Amino acid sequence: MQQKNESWQPLGAGYWAKVSREHRFSTDTLLLSYFSSPRPGEKRAAELCAGCGALSLLWMRGRERPLEIDAVEIQEPAYLLMCQSVSRNGLSKNYHPIREDLRKLKGILEGNQYDLVACNPPYMPPGTGIPSREASIRAARHEGECTIEDVVRAAARLLRPGGRLCLCQRPERLCSILES
């Protein structure tokens, strides 16, 4: 059943993402999906702070299925949108939405098993910028549910030696990312 503020957005190659006013994707998602696109031989990937899952859904377009994806999202409404997208696109075998805090993945996702981890994390550290009145948008833009350190720590645990972490972040956060 489609809610009032939900719609299906085409991703190309016959793939669709379910989005809402609160949980949608942006140009950053598209750019990060191309930048981080799984390479030949990469078989297992994770998306952290997945939202509606558009980034990792874009990875699946035109792909012959050996890629396994675990997509982690803390907000239930976004997680439910992602589940609907996985179902509509027939990806249930290879794409696993996970509703969890990325700081609590130990025991849920195995460490040292992923070739690729990608994340479009919150851009603003606490106390900066103008926080949105809407909790879902505030969580996506401001470090409250997780920090860049939390993202890097989760990725470091998940990635196999030689694995890749791909992020989309503002240039002024580069020092924080490298420090983490």
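The values are calculated or read from the model by the stated rules, or taken from the named source; none is laboratory data. The structure presented is a predicted model; accordingly, all values stated were derived computationally and were not measured. Using ideal geometry, Cβ is built from the backbone for each residue, glycine included, and neighbour counts are taken over all protein chains shown. What goes into the accessible areas is simple: the full protein's heavy atoms, side chains included, and nothing from ligands, DNA or RNA. Shrake-Rupley method; radii C 1.70, N 1.55, O 1.52, S 1.80 Å.
The listed residues are ARG164, ARG170, ARG153, and the only one of them that is in contact with a Leu (Cβ under 8 Å, 6 or more places away or on another chain) and either open to solvent by less than 70 Å² (accessible area, probe 1.4 Å) or not hydrophobic (A, V, I, L, M, F, W, C) (or both) turns out to be ARG164. The set of residues in region 35-59 that are touching a Phe, Trp or Tyr at 6+ places or on another chain (Cβ under 8 Å), under 12 Å from ARG164 (Cα atoms) and among the hydrophobic types (A, V, I, L, M, F, W, C) comprises ALA45, ALA46.
Here region 46-78 is the region considered, the condition is being free of Cβ contacts under 8 Å to residues at least 40 places away in the same chain and in a loop (DSSP other than H, G, I, E, B), and the residue that is nearest to GLN169 (Cα to Cα) is CYS52.
LEU91 meets each of the listed conditions (1) in contact (Cβ under 8 Å) with a residue 24 or more places away in the chain; (2) out of contact with any strand residue (DSSP E or B) (no Cβ under 7 Å at 6 or more places or on another chain); (3) open to solvent by 60 Å² or more (accessible area, probe 1.4 Å) apart from (3).
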